[in-house]
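Written below as structure tokens is the structure these notes are about.
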Amino acid sequence: MPNRLAKEKSPYLLQHANNPIDWYPWSDEAFEKAKRENKPLFVSIGYSTCHWCHVMERESFEDQEVGDALNRHFVAIKVDREERPDIDQIYMTVCQALTGQGGWPLTVIMTPGKKPFFAGTYFPKSSRWGRAGLLDILEQVADKWAKDWNKLIQTSQMITEQVQFKPGGRLTDEPLTDIATRGYKQFKQSFDKQYGGFGSAPKFPTPHNLLFLMRYWKQTGEASALDMAQKTLQSIYRGGINDHVGFGFARYSTDEKWLVPHFEKMLYDNALLAMAFLEAYQATQKDFYAEAARQIFTYVLRDMTHSEGGFYSAEDADSEGVEGKFYVWSPDEVRQVLGRENGDIYCRVYDITESGNFEGHSIPNLINALPEEYAQKLGMETGALQQLLEDSRQKLFAHRDKRVHPFKDDKVLTAWNGLMIAALARGAAVLEDVRCREAAEKAERFIRNKLQRLDGRLLARYRDGESGLNSYLDDYAFLIWGLLELYRSTFQVVYLSRAIDLTHKVRDLFWDQEDGGFFFYGTDSEQLIARPKEIYDSAMPSGNSVMAANLLQLAAITGDSELEELAVRQVNAFAGTAAEYPRGYAYFMTALLFASGPTSEIVITGQKDDPQVAEMLRLVQQQYATGAVLIYRPEGEKNGPDSVQLEKLAPFTREQKSIDGRATAYVCQDRACREPITETEALGSLLQ
């Protein structure tokens with residue numbers, strides 16, 4: 001019989017709806033039952049595409065003996081960490097404090113007052129190889145609760161007191177540029193010169209680290225910062241972490257070479273990697289990076305897009321219960337699809353061998369050499385080989401499409417959609433790709449129509465016709481980032497206006513009046529045992545880091561003194577924390593780079609249908625001008641409303657009019673304004 005989870009929308013909770021466990025979602029009902037019956041709560045936190053979550057379900061949560069033990073002595077709760085990152089963040093901190101490590105599945109046992117006294121990650125059903133078994137843990141906790149529950153209550157109180165979040169407010173006299181320089185040096189010290197990336201296996205792409213390095217290079221001219229970013233991006237692309245047949249990148253590599261991935265694909269990784277490839281293209285003008293970004297967009301728009309425009313969350317690592325089965329090949333199967341001659345060429349280029357590189361099969365990769373490096377060996381023209389490989393890829397993709405696909409988590413998360421909107425909007429401007437612009441705008445409309453209440457409050461999750469859960473800081477921060485990129489891509493003032501409105505909401509719901517910075521969940525949300533205020537940039541940039549960058553840009557675009565003061569307070573709130581270990585705060589350091597300058601405000605004005613206006617805008621959009629904000633002030637009767645709205649948002653643009661009816665650029669650098677420019681070539685020279 002299905003349990004209570006059958007009524008939920010979360011794909012992760014629905015995966016457990018037929019377990020022999022009386023699961024509850026996180027709810028007042030569960031905690032009231034625990035209080036009424038004086039039982040501890042067993043809370044299991046995971047997500048739908050988590051490999052070890054699936055393993056623990058098969059071993060334990062589908063097992064009647066485990067179900068009986070949980071139902072007898074505990075109130076059991078399942079939590080989707082992607083729907084409730086507030087709960088996950090708090091109890092993951094507990095797990096890391098108690099065990100020195102974390103991960104998913106996250107297992108927490110707590111009092112009816114939500115205070116934890118035990119935490120860990122994956123546990124097998126029975127004890128083995130020195131790892132405690134779940135049945136043994138449940139028996140010991142039940143016995144302890146029955147005989148000495150007061151002791152567990154005291155322990156939970158002590159743990160709760162130790163995990164209160166108070167980052168922020170640590171002032172530092174160190175110049176912002178010095179903090180960023182130390183961060184660069186820390187990355188340089190741990191850089192893997194052979195394979196790219198930082199440290200040893202497992203390796204995560206962590207694209208915001210690369211964004212920082214490229215922007216650091218742009219500001220300082222430190223060539224090795226750009227070199228590290230390029231080496232890492234090239235290695236990631238060439239490795240098996242990149243799906244060379246269907247495109248899109250897996251979550252991380254289990255080895256130092258980027259060869260063997262943990263095969264699940266996450267929307268946020270692909271959004272941030274697309275942004276990193278686009279910035280690398282802007283910085284170097286190498287087509288390789290542009291093509292890498294295009295491939296990510298092809299994957300997302302083909303496989304991860306809701307019919308009405310939002311983007312799905314993830315694809316699983318497993319299919320038919322086997323990790324990676326969907327993605328691996330044998331030479332015989334490749335030859336069967338392509339024929340012997342073309343199959344042999346494809347196998348040689350993409351390292352598909354009889355012995356294999358993953359459990360007897362092969363993950364396609366380009367670690368040994370790029371296709372153009374094989375052309376001469378094969379006696380072929382580079383263009384001819386590339387065409388053969390692309391034709392082969394399409395045939396292999398069509399063949400692979402007949403396999404049993406990995407599970408797709410089709411919920412739409414506001415935060416992750418904000419990141420993809422930002423990447424697509426940047427792609428629209430940099431690649432001059434209408435497809436990207438249309439997809440970004442359609443996704444923004446989806447969020448506005450499906451994930452925003454009439455009072456303006458954002459919601460966090462949409463699935464199967466239902467929206468729910470008050471949004472968190474990340475949802476607002478990432479969506480504002482997306483709106484800023486949309487404005488820079490389309491120059492529709494509505495996106496800038498919406499970004500400012502959401503920023504005011506963030507201030508009202510999340511701002512810490514005492515120490516500065518933004519809390520993770522709002523004043524109108526469920527108040528948990530702690531209120532996190534995160535600045536550490538882990539798999540994704542923190543909401544506080546992104547808000548620092550957003551505020552600085554909005555203050556520069558609008559000239560609004562209140563936004564500028566909020567930006568200063570935001571930077572000051574966390575600079576001291578970041579100074580302790582700058583490498584851990586890479587995206588926050590991109591905000592520090594912007595704050596420390598040099599910065600530019602570029603206003604281009606003129607008729608929207610003037611080719612020179614379009615050329616000036618395109619010129620600035622494609623420049624790697626990391627310290628610049630770009631504003632378009634339209635003139636003419638058709639653009640009257642946009643011009644009036646822009647003047648309300650950015651009053652300083654009121655007097656910046658076209659000269660003699662010609663496209664005109666007003667450029668101010670470090671608060672000093674240049675003479676207006678009416679020649680595109682002169683603007684290009686100044687930007688260079």
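Descriptive notes on the structure:
- Applying a threshold of 32 Å to the alpha-carbon distances of Lys33/Lys151; Lys147/Lys411; Lys33/Lys147 flags Lys147/Lys411 as lying beyond it.
- Among residues other than Val568 with Cβ under 13 Å from its Cβ, the summed charge is -3 (Lys and Arg +1, Asp and Glu -1).
- Listed residues Ser44, Val260, Ala229: farthest to the positive end of the dipole of the chain (Cβ charges): Ser44
- Sequence-distant residues sharing a close amide H with Leu366 (under 5 Å, placed H): Gly239
- Isolated cysteines in the chain, defined as those with no second cysteine Cβ under 4.7 Å, comprise Cys95, Cys347, Cys436.
- Lysines whose Cα lies under 16 Å from that of Lys402, excluding same-chain neighbours fewer than 8 positions away: Lys325
- Karplus-derived 3J(HN,Hα), 6.51/-1.76/1.60, for each residue of the range 321-331, Hz, glycine and proline x: x, 10, 5, x, 4, 5, 9, 9, 9, 10, x
- The aspartates and glutamates whose alpha-carbon is closer than 16 Å to the alpha-carbon of Lys257, local same-chain residues fewer than 8 away aside, are Asp192, Asp243, Asp351.
- Reach of Lys115 by Cα under 16 Å, taken over aspartates and glutamates that are not fewer than 8 positions away in the same chain: Asp28, Glu32, Asp86, Asp88, Glu161, Glu526
- From helices alone, the chain scores -16000 deg cm²/dmol at 222 nm; the rule is -39500 (n - 2.57) for each run of n ≥ 4 DSSP H residues, then divide by the residue total.
- When each of Lys218/Lys648; Lys265/Lys450; Lys39/Lys203; Lys9/Lys505; Lys188/Lys408; Lys265/Lys286 is checked by Cα-Cα distance, pairs over 29 Å: Lys218/Lys648; Lys39/Lys203; Lys188/Lys408
- Distance between modelled label sites at Ala201 and Gln101, nm, 7 Å Cα→Cβ extension: 1.5 nm
- Under 5 Å, built H, 5+ apart or other chain: amide partners of Gln452: Leu459
- Think of each Lys and Arg Cβ as +1 and each Asp and Glu Cβ as -1; about the Cα centre, that makes the dipole of the chain roughly 680 debye.
Just so you know, all these numbers are worked out from the coordinates, no wet-lab data involved. Please read these numbers as outputs of a predicted model, since none were measured by experiment. Here the Cβ is made from the backbone with ideal geometry for all residues, glycine too, and neighbour counts use every protein chain on show.
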